[in-house]
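Inspection log for the structure reproduced underneath, given as structure tokens.
Values in this text are rule-based calculations from the coordinates and carry no lab data. Please read all numbers here as calculations on a predicted model, not as lab measurements. As a convention, Cβ positions derive from the backbone with ideal geometry for all residues, glycine included, and neighbour counts pool all protein chains shown.
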Amino acid sequence: MKMIKDQVKLSKEFKAQTTKAILSILFFTITYILILVLALGITALCVFGGVILIITLPKFITLALGVGLASLGFLILIFLLKFMFKSNKVDLTHLREIKKEDEPNLFKLIEEIVHEVDTQFPKKVYMSSNVNASVFYNSSFWSMFLPVRKNLQIGMGLMNTVSTEELKAILSHEFGHFSQKTMKVGSYVYNVNRVIYNMLYDNESYDRLVESWANISGYFSIFVVIAATVNKGIQWILRKLYNVVNKSYMGLSREMEFHADEIAVNVTGYEPLKSSLLRFSLADYALNSVMNFYQGKYENNLKSRNIFKEQSFVMSFLAENDKIKMIGDFPEVEIEDLNKFNKSKLVIKDQWASHPSVEDRIERIVSTNLNSKKHDGSPAVGILKNYENLQVSLTQEVFSEIEFKDQPSHLDFEDFRKAFVEAYLNNTFAEIYQGYYDTKNPEYFDLELEDDREEIILDDLYNEKKCDLIYRYHALVNDIDVIQQIHTRTIPIKSFDYDGVKYGSKQAIDLVEKLILEKKDLYDQIIANDIKIFHFFKQLEESLNRTSLIGKLYSDFFEYDKIYDRKYTVYERLLEGLNFTNFVTPFDKIRENFRKIYKLELDLKREVKDVLDDSKYQEEISDEMRSNFELYLSKDWQYFREESYLEDNLAILFATINDYGYLISRGYFITKKELLDYQVHLLQESSVVNEEM
């Protein structure tokens, strides 16, 4: 029987990328060997020179200089060889090992895939809470030459949001990565990248060794400085190599994804893989939304009993709000749903992407015309012995990492459902707007502009065409920025496609000028529509004989929009000014930096007082925030004394800055929502009045 791996032929592009990857490995290997030979030569000369110096002039100073000189070569040699002793051990603390006796049906599914793909059964199978599946192993330099058994990790967040057949397609993709011998090339390129990365960036233990050696004697430090200079030269060469090797690795990595997809399609047909790829981002967003919800509940000592049950609810809830149809237990996401907001006409071949886009992957698998062999739409969690118990157990592990003030209690599912929906509605705008304000704010205009009293229909203000203006405008803003970077060589590419036409980097500036005019035209249309919206609701307010409030709400929003930049600048300048605390900084420089911070704090204290006094923020300020604000305002704090940071005081400052930044952003949202909710209220009241008439 012909195995699937034999049926799936390597594409020309795959072979081309493999050849590039092999050549890049050879190029690196030859360059590295030359550097290593030179380093060995330098080491031999340094040792010989050190010995001669000590023998010729046997004194303490020459002994120190001789040993220091001999160490010079060894320091360079250690720098070049240290990667051989570095292993990349995967953190398993968030994983739970699953054995065959625990989950026989899951292992039966894996065995079926292993047999069909003709690859090895994983060494171990782990379960995590993530929306993901992967094959992994502990790697080191020597794993390029020695056989290494791979482990399989399956995320409950993934199993919880796919069907059994979709899970089979996903796992077939993962095993597909290791079903071809040519996949070993990818492993070599990956490890070469790790070798270069180790010498460029992973030098903490080496730096400690060098520092300890330099501290033994001032004579040794002379040669440490020389070794550091030589190492910098080596790193300069490696950076050039890193670009070459990494680019070839990324190209091969994309082809490996396509290849693994094709193997999965041969196992299940393309439909299960397609539907799971399209649903992935929604499933991931749903789980993150659950976790973000509970972040706001930590101070109330509340946690979830089962985040995955809540993930399923949130995924369905979000799908319903986005008008995504449900088929069985799962949303059927379409490509149109993914691209709803993407109106960009700019196409750039991203040479640094490790994965192809979802759209490209789907186009490739659909082109195989391999239909599903069977349609098992049952939830994947159903193959587990008792999935609810496992979900509860994994949830407990997730929350075990959280430090609660008191003994936490579980939030009942129904209470979660109600609280989540309420929070969602409080943080989103009414459905009547059809997403018009999701990515834009009411644009500023003169509220005294004369109303020409033309008949305005609500559907004309917030229809698909008007929302499309917003998406197109944002796409243009982003495209113009990217094309300008191409022109200035900030983005180093020679050509790109725009709206189906190929452009060189030299032509970019002419295209930008054209797009700026197009952007202005779109902005004018958006402004015109915003003015119509204001007049529509002003007329509606008048028809209801209500006290005029719409003008004040618009005016308040425009005013907050104007002062927000000033408020945000205070937050931004402080964070930027404190960035030095993340790095080793000379003491004098630390003191100088804090003198600047003390001046910036005058603005922060003024703004924090305003926040505490403003009624707009009162419901948003938690007891913990208020307590920290009041503590911060109670005195002038010092953050550095006697060559040490005062960590507790710094914690108060950073908490104040972060809470302030959050609150001014919430203030912006609240001001905007107050205006938009009032408009909805007018529509609701008008509807009631019309019904009564």
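So here's what we get for this one:
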quantity: Segment 199-320 - convex hull of the alpha-carbon atoms, volume per residue in Å³; calculated: 221 Å³
quantity: Selection of GluC sites (Glu not before Pro), segment 623-693, meeting DSSP coil and at most 11 other Cβ within 10 Å; calculated: Glu642, Glu643
quantity: For peptides 299-306, 381-388, sequence by mean Cβ density within 10 Å, most packed first; calculated: 299-306, 381-388
quantity: Kyte-Doolittle mean at least 1.0 and Cα axial length at least 27 Å: DSSP H helices in the chain; calculated: 12-56, 60-81
quantity: His94 paired with Glu299, simple spin-label distance in nm, labels 7 Å along Cα-to-beta-carbon; calculated: 2.6 nm
quantity: Proxy reagent accessibility, fewest Cβ within 10 Å first, across Val224, Val501, Val366, Val162; calculated: Val501, Val366, Val224, Val162
quantity: Residues whose placed amide H lies under 5 Å from that of Ile491, excluding near-sequence neighbours; calculated: Ile486
quantity: Residue pairs, from the table Lys465/Lys538; Lys15/Lys325; Lys345/Lys440; Lys15/Lys340; Lys418/Lys616, whose Cα atoms sit over 30 Å apart; calculated: Lys15/Lys325; Lys15/Lys340
quantity: Amide proton proximity set for Ile98, modelled H, under 5 Å, gap of 5+; calculated: Val125, Tyr126, Met127
quantity: Descending semi-axes in Å of the chain, equivalent ellipsoid built from Cα gyration tensor; calculated: 50, 39, 29
quantity: Cleavage-rule hits, chymotrypsin sites (Phe, Trp or Tyr not before Pro), segment 436-511, DSSP coil, Cβ neighbours within 10 Å at most 15; calculated: Tyr444, Phe445
quantity: His375 versus Lys323: modelled label distance in nm, points set 7 Å from Cα along the beta carbon direction; calculated: 2.5 nm
quantity: Linear extension gain, Trp236 paired with Tyr424, 0.36 nm per residue minus alpha-carbon span; calculated: 62.6 nm
quantity: Convex hull volume of segment 588-693 per residue (C-alpha atoms, cubic angstrom); calculated: 102 Å³
quantity: Proximal charge balance of Ile324 [Cβ under 12 Å; K/R count +1, D/E count -1]; calculated: -2
quantity: Neighbour cut-off at most 11 other Cβ (10 Å), DSSP loop, GluC sites (Glu not before Pro), segment 451-557; calculated: Glu454, Glu455
quantity: Inverse mean reciprocal Cα-Cα distance (Kirkwood Rh) of segment 426-543, Å; calculated: 16.6 Å
